[in-house]
1. Quick check on region 3-75: take the gyration tensor over C-alpha atoms, sort the square-rooted eigenvalues as a ≥ b ≥ c, and tell me if it's rounded (a/c under 1.5), prolate or oblate.
2. Add -39500 (n - 2.57) for each DSSP H run of 4 or more in the chain, then divide by its residues: what number comes out at 222 nm, to the nearest 500 deg cm²/dmol?
């Protein structure tokens, strides 16, 4: 994996986390739990898991829409 790819994956992860923290600020504890669930912890920590919300067009609006839908499903116990 090239350095550019790693940087893009890190940027995607940071954008997703910031979006969740801003959009769902009233549910901060649940947001942090969701972030830990996506990224894993310890040896299983992997920020590349955020790429499941992005697409080849790198359209942030679409990525955030998918992220919001998935988070809401997670809150309702559907995921």
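Throughout, read-outs are computed from the coordinates displayed, never taken from laboratory work. Quick caveat, the model's predicted, so the values are computed rather than measured.
1. Details: a/c = 1.91, a/b = 1.19, b/c = 1.60.
Oblate shape, in that a/c is at least 1.5 and b/c is the bigger or equal ratio.
2. That comes out to -20500 deg cm²/dmol.
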